[in-house]
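Report on one structure; see the data block that follows.
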Amino acid sequence: MANWSDPQRTYAAQPQVQSAAYDAGLRSYMLSVYNYMASAVLLTGVVAMAFSWGYEDSYAYQILVGGGPLAWLIMLSPLAIVFAMSFGQAKMSTGTLQVLFWGFAVLMGLSLSTVFLRYTGESIATAFFATAAGFAGLSLWGYTTKRDLSGFGTFLIMGLVGLIVASLLNLFFQSNTMSLVIAGIGVLVFAGLTAYDTQKIKSMYAYVAGTDMMGKTVIMGALNLYLDFINMFLFLLRLFGSARN
């Protein structure tokens, strides 16, 4: 019969119990992040499709394509929410972050409704499924790899800043070639950010497990992955999408 009172056996078994509990908690935490992210992408897609219904006769065409203060409000509000969540998360409650997160997803749907006015449904579907497949593979690699990706963070952020600057410059030059180059680099940058952000979100669990910060970390992690997914989708669509006649 096993000697259950043996202190050596009790001590040896303890790390396995802790490891199993930690792994279960980590899986639950990451599943919550992915559930938030996937639900937000779905919500954005539904809102975009509904808002663009009827194409040239739709509210999207009249408001966003037609321009005006409301168009700028719809397009810039998501950026304002991202900044508010990023810099104000420490002072906000989990409930407030949730409201802002879902509001952000809705506003992104309104803003992205013009995608259905500019590209064919087939090219949108192709870009979406290609993005979903690429995102899944990259996120899985970021989650499972033993390689430390933190060193790529600065490089990727610099690439992101460069993309923003180049995109602003191209508003004046209106170069199709430059637009394609920006789109190609954008796909690579956000592909890298997908793996990097996944690993960073995973590593955060060790610091927030069992604390009040875990709910906030889940939402902010979902926001980061959502942005990676949406931007990769848009850049792929710009590269390979077919314009609507």
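Limited to the stretch 192-245, what total is found for residues that are part of a helix (DSSP H, G or I), farther than 20 Å from residue 163 by Cβ and of a type in the set (Asp, Glu)?
Looking only at that region, the number is 0.
Looking at (1) in contact with a Phe, Trp or Tyr (Cβ under 9 Å, 6 or more places away or on another chain); (2) at pLDDT 80 or above, can you tell me which one residue 47 breaks?
Unmet condition: (1).
For the stretch 94-137, which positions are among the hydroxyl-bearing types (Ser, Thr, Tyr), assigned to a helix (DSSP H, G or I) and in contact with a Leu (Cβ under 8 Å, 6 or more places away or on another chain)?
Matches in the stretch 94-137: 111, 113, 114, 123, 131.
Mind telling me which of the residues 144, 211, 126 ends up being closer than 25 Å to residue 90 by Cα, surrounded by fewer than 21 Cβ atoms within 10 Å (Cβ to Cβ) and not aromatic (Phe, Trp, Tyr)?
Values: 144 fails: closer than 25 Å to residue 90 by Cα; 126 fails: closer than 25 Å to residue 90 by Cα.
Result of the check over 144, 211, 126: 211.
Does any residue of the stretch 207-218 turn out to be of a type outside the set (Gly, Ala, Ser) and within 22 Å of residue 138 (Cβ to Cβ)?
Within the stretch 207-218, the first condition is being of a type outside the set (Gly, Ala, Ser), and the residues that meet it are 207-208, 211-214, 216-218.
Now restrict to residues that are within 22 Å of residue 138 (Cβ to Cβ): 217-218.
The answer is yes, given that some residue of the stretch 207-218 is of a type outside the set (Gly, Ala, Ser) and within 22 Å of residue 138 (Cβ to Cβ).
Kindly indicate the residue of the stretch 84-93 that is among the polar types (S, T, N, Q) and outside any helix (DSSP H, G or I) and also nearest to residue 223 (Cα to Cα) among those meeting that condition. Working first, answer last.
Taking the stretch 84-93 as the starting set, the residues that turn out to be among the polar types (S, T, N, Q) are 86, 89, 93.
If we keep only those that are outside any helix (DSSP H, G or I) too, we end up with 89, 93.
Numbers: 89: 12, 93: 16 Å.
Taking the candidates together, the pick is 89.
Please determine, by comparing only the residues of the stretch 6-44 that are more than 19 Å from the chain's Cα centre (by Cα) and of a type in the set (A, V, I, L, M), which one is modelled with the highest pLDDT.
Once the filter is applied, the top-ranked residue is 26.
The values are calculated or read from the model by the stated rules, or taken from the named source; none is laboratory data. These numbers come from a predicted model, not from an experiment. A quick note on method: Cβ atoms are made from the backbone with ideal geometry, for glycine too, and the neighbour counts reach across all protein chains shown.
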